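One structure below.
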Amino acid sequence: MKWIGLPVAVLCLVVTMPLGAQQDSLARAFDLERRGNYADAAAIYRAVLARNPAEITALLGLERSLEPLNREAELLPAARAALAADPRQVPAYGVALRTFAALNQLDSLPPLVDRWAQAAPGDESPYREWATAALMHRDRAMARHAYETGRARLGREDALSPEMAQLAVLDGEWTTAVREWARACRQLPGYKTSAISSLAGAPDSAHAGILQAFDREPGADVARIGIELRARWGDPVGALDRLLKALPAGPGQQVDALQAFLEETGARSTPEYELARGRVLEALAERWTVASQRARLRLESAQAYASAGDGASARRMLAQVGGDSAGAEISAGATTTLIDLLVADGKAEEAEQQLAQHRGSLPVDEYLRLRRAVALHWALAGRTEHAESLVAADSSVEALALEGRIRLYAGDLKATSELWRAAGPFAGTREEATDRSVILGLIQPIEADTVAALGAAFLTLDRGDTLAAAAAFRQAAQGLPPDGGRAEITLFAGQLFAAAGRKEAAETAFHDAVLKQAPGPSAAAMLELGRLLLAEERREEATHALEQMILDYPTSALLPQARRLLDQARGAIPRT
């Protein structure tokens, strides 16, 4: 007979039943249990125990079968009989303890734990099961007493450390949790994952204390817990500094530790994480012996440094790529990264020269992307004709979108609209497509084909000077008719003033954007005014502005937002 699938090996021989018959009975009971026929399975397990009370396989099977039937009380006589028949039968103590706990007879647990401990000296299980039963009844005090009793009797300061660490986490005792997890990991490094998982959710106010506590704990595996938590909690550079100081001696182990850190921090793309990524990749490259892989790591390091805004480190890495006998793919990647850096640094002329020099070694799509990046920089510098000449032969939708923006800077609103509609919504990133849609909405009401002042305002905005751009939009709006874009552009100027922190100028612009000839933007301007006044705790004025907006524009699609803000201004609902 095959015994695959039995949960526990048969531990005893049955005296009054032939061995083969007992095995058949246990196999049949387990099959019934597996099929969900718990009542019949329990009857067979009970019959086996009647003949041999110490048969642990039957006792455990009876426990599994009675639990889903909510008949745990029937298990207690069997557990007691098993212990009476053989007090050394350790699993029977666990069954008895769990049964007492299920029946809420917690007072019976301490003497049972004492007997269990005598039967299995040095075993942590009695105290662990005792504490688990207490926690099931939300009795943390009893659970703590169980762990402390076990530690005292066993005479080991690291006994039950993982359990005590978890209890400390539940109680918010973070320093204690660190100490216990450190003890557990020094005993068994595999607890590192559990420690990180349990501590990662600590409140922000506890982070500094937890990290300081880990800095005081000895042991490389323990240090890695603090390092990973530090990286998760927003300090990847500080975490890396500690890792580099605590790297193991062997080169292979160092590479493993660095790669593990790279994987742990690779999912985030903020400048801090990109900087840490660049440094890790650089450290890996220094330890790699294969030239081609070393070149790839240095290229990836340069790209990470560039993303972090550390151009000097990126160039340092790129300079070393050439000495690693890099292949064509790596060389092309290095060229691409260098040109991106030059564009970011405002060195468009040098970037254009590099692009022309390496045109033949770059993939076509990458070459076109870089050329568009150079063209955009020239456009932002005011050299629109040169920028347009660079993308004139590019027929991609991305080039059409760029040409539209170049024409926008020149104030050619008609060409901008035509080019952007031809480019469609899928040119560039989602953010770029959304930006184009917003601008098209702004310029659509304007009848004039060209408004140079408006183009200059958009150019100022894209150069990053929000306050100057707001003033330029405000001025450009004055030259537009009330029903031909003035309200829309004035409202946009107000939003820019607000973003720049110029609340008074924003408030004035929102007032001026309310024009009877333009009900749509006027309703939006009053809503923005109400939001601004509410943010400044000028509740009465905000209430008046929002009530006026609801009365004057009853068909506006913005009414739900206005009503919610009005409720907030009146104090009916909390602000979010």
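Please go through segment 37-67 and give me each residue that is farther than 21 Å from A102 by Cα and either surrounded by fewer than 20 Cβ atoms within 10 Å (Cβ to Cβ) or polar (S, T, N, Q) (or both), ordered by number.
Matches in segment 37-67: N37, D40, A47, A50, R51, N52.
Which residue is modelled with the lowest pLDDT, if the candidates are limited to segment 67-86 and must be over 17 Å from A41 (Cα atoms) and of a type outside the set (A, V, I, L, M)?
D86
Can you name every residue in segment 269-311 that is assigned to a loop (DSSP other than H, G, I, E, B) and closer than 21 Å to D235 by Cβ? Steps first, please.
So in segment 269-311, the residues assigned to a loop (DSSP other than H, G, I, E, B) come out as 269-270, 287-290, 309-310.
Selection gives S269, T270, G309, D310.
Every residue, every condition in (1) without any contact (Cβ under 8 Å) to a residue 12 or more places away in the chain; (2) touching a Pro at 6+ places or on another chain (Cβ under 7 Å); (3) crowded, with 17+ Cβ neighbours inside 10 Å, yes or no:
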| position | (1), (2), (3) |
| --- | --- |
| H145 | yes, no, no |
| A152 | yes, no, no |
| L167 | no, no, yes |
| T175 | no, no, no |
| A184 | no, yes, yes |
| L199 | no, no, yes |
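Run L400 past the list (1) in a helix (DSSP H, G or I); (2) of a type outside the set (D, E); (3) in contact with a helix residue (DSSP H, G or I) (Cβ under 6 Å, 6 or more places away or on another chain); (4) at pLDDT below 90 and report the number of the one that doesn't hold.
If we test L400 against (1) in a helix (DSSP H, G or I); (2) of a type outside the set (D, E); (3) in contact with a helix residue (DSSP H, G or I) (Cβ under 6 Å, 6 or more places away or on another chain); (4) at pLDDT below 90, just (4) comes out false.
State whether the residues of segment 423-439 include one that is aromatic (F, W, Y) and part of a helix (DSSP H, G or I).
In the first step, residues of segment 423-439 are kept if they are aromatic (F, W, Y); the result is 426.
With the extra rule that they be part of a helix (DSSP H, G or I), the set shrinks to none.
No - not one qualifying residue is present in segment 423-439.
What residue, among those in segment 461-496 that are part of a helix (DSSP H, G or I) and among the acidic types (D, E), is nearest to G382 (Cα to Cα)? Break it down into steps so the answer makes sense when it comes.
So in segment 461-496, the residues part of a helix (DSSP H, G or I) come out as 461-462, 466-478, 482-496.
Going one step further and asking which of them are among the acidic types (D, E), we end up with 462, 483, 488.
Values: D462: 12, D483: 31, E488: 26 Å.
Result: D462.
Inspect all residues belonging to segment 64-71 and state whether any of them is under 23 Å from T132 (Cβ atoms), touching an Asp or Glu at 6+ places or on another chain (Cβ under 6 Å), in contact (Cβ under 8 Å) with a residue 24 or more places away in the chain and hydroxyl-bearing (S, T, Y).
Looking through segment 64-71, at least one residue is under 23 Å from T132 (Cβ atoms), touching an Asp or Glu at 6+ places or on another chain (Cβ under 6 Å), in contact (Cβ under 8 Å) with a residue 24 or more places away in the chain and hydroxyl-bearing (S, T, Y).
Just the residues that are in a helix (DSSP H, G or I), closer than 15 Å to A452 by Cα and out of contact with any Lys or Arg (no Cβ under 9 Å at 6 or more places or on another chain), please, taken from segment 403-416. Full working, then the answer.
Filtering segment 403-416 for residues in a helix (DSSP H, G or I) gives 403-409, 413-416.
Right, trim to closer than 15 Å to A452 by Cα and you get 404-409, 413-416.
Across segment 403-416, the qualifying residues are I406, L408, Y409.
Looking at (1) of a type in the set (S, T, N, Q); (2) closer than 28 Å to L170 by Cα; (3) surrounded by 19 or more Cβ atoms within 10 Å (Cβ to Cβ), can you tell me which one Q89 breaks?
Checking Q89 against (1) of a type in the set (S, T, N, Q); (2) closer than 28 Å to L170 by Cα; (3) surrounded by 19 or more Cβ atoms within 10 Å (Cβ to Cβ), the one that fails is (2).
Which of the residues belonging to segment 497-509 are surrounded by fewer than 20 Cβ atoms within 10 Å (Cβ to Cβ), assigned to a helix (DSSP H, G or I) and not acidic (D, E)? So that I can check it myself, show each step before the final result.
From segment 497-509, those surrounded by fewer than 20 Cβ atoms within 10 Å (Cβ to Cβ) are 499-505, 508; that's our starting set.
Restricting the remaining residues to those that are assigned to a helix (DSSP H, G or I) gives 499, 503-505, 508.
Residues satisfying the conditions are A499, K503, A505, T508.
Give the number of residues within segment 59-79 that are of a type outside the set (S, T, N, Q), in contact with a helix residue (DSSP H, G or I) (Cβ under 7 Å, 6 or more places away or on another chain) and under 14 Å from A39 (Cα atoms).
Residues meeting the conditions: 10.
Could you tell me whether G520 is without any contact (Cβ under 8 Å) to a residue 60 or more places away in the chain, touching a Pro at 6+ places or on another chain (Cβ under 6 Å) and in a helix (DSSP H, G or I)?
no
Quick one: in segment 526-563, of everything that is in a helix (DSSP H, G or I) and exposed (fewer than 14 other Cβ atoms within 10 Å of the Cβ), which residue is farthest from the chain's Cα centre (by Cα)? Write out each step before concluding.
Step one: filter segment 526-563 for residues in a helix (DSSP H, G or I), giving 526-535, 539-552, 559-563.
From the residues that got through so far, the ones that are exposed (fewer than 14 other Cβ atoms within 10 Å of the Cβ) too are 535, 540, 551, 560, 563.
Details: A535: 30, E540: 41, L551: 44, P560: 32, R563: 34 Å.
Among those residues, the one meeting the criterion is L551.
Matching residues to (1) among the charged types (D, E, K, R); (2) modelled with pLDDT of 95 or more; (3) touching a helix residue (DSSP H, G or I) at 6+ places or on another chain (Cβ under 8 Å); (4) in a helix (DSSP H, G or I):
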{"residue": "L135", "(1), (2), (3), (4)": "no, no, yes, yes"}
{"residue": "A146", "(1), (2), (3), (4)": "no, no, yes, yes"}
{"residue": "R156", "(1), (2), (3), (4)": "yes, no, no, no"}
{"residue": "R186", "(1), (2), (3), (4)": "yes, no, yes, yes"}
{"residue": "Y191", "(1), (2), (3), (4)": "no, no, yes, yes"}
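Taking segment 356-397 as the search range and keeping residues that are in a loop (DSSP other than H, G, I, E, B), closer than 16 Å to L342 by Cβ and among the aliphatic types (A, V, I, L, M), which one is modelled with the highest pLDDT?
Result: A381.
Which residues, counting only those in segment 99-133, are assigned to a helix (DSSP H, G or I), under 14 Å from E163 (Cβ atoms) and not small (G, A, S)?
Here is the first cut: in segment 99-133, the ones assigned to a helix (DSSP H, G or I) are 99-102, 106-119, 125-133.
Narrowing the set further to residues that are under 14 Å from E163 (Cβ atoms) leaves 125-133.
Across segment 99-133, the qualifying residues are P126, Y127, R128, E129, W130, T132.
Considering each residue of segment 19-58, count those that are within 51 Å of the chain's Cα centre (by Cα) and over 19 Å from A82 (Cβ atoms), and give that number.
Number satisfying all stated conditions: 11.
How many of the residues making up segment 471-524 are over 42 Å from the mean Cα position of the chain (by Cα) and at positive phi? Before the answer, list the steps.
Kept after step one, since they are over 42 Å from the mean Cα position of the chain (by Cα), are these residues of segment 471-524: 475-486, 512, 514-519.
From what's left, at positive phi: 485.
So the answer is 1.
If R502 meets every condition in (1) of a type outside the set (A, V, I, L, M); (2) under 20 Å from I443 (Cα atoms); (3) without any contact (Cβ under 8 Å) to a residue 40 or more places away in the chain apart from one, which number is that one?
So R502 meets the others, but not (2).
Check whether at least one residue in segment 5-23 is surrounded by 13 or more Cβ atoms within 10 Å (Cβ to Cβ), of a type outside the set (V, I, T) and at pLDDT 85 or above, and report yes or no.
no
Right, A448: assigned to a loop (DSSP other than H, G, I, E, B) and among the small types (G, A, S) or not? Quick ask: steps written out before the conclusion?
Details: assigned to a loop (DSSP other than H, G, I, E, B): yes; among the small types (G, A, S): yes.
So A448 fits the description; yes.
The values are calculated or read from the model by the stated rules, or taken from the named source; none is laboratory data. What you see is a predicted model; the values in this text were computed from it and never measured. FYI the Cβ positions are ideal-geometry reconstructions off the backbone, even for glycines, and counts take in every protein chain you see.
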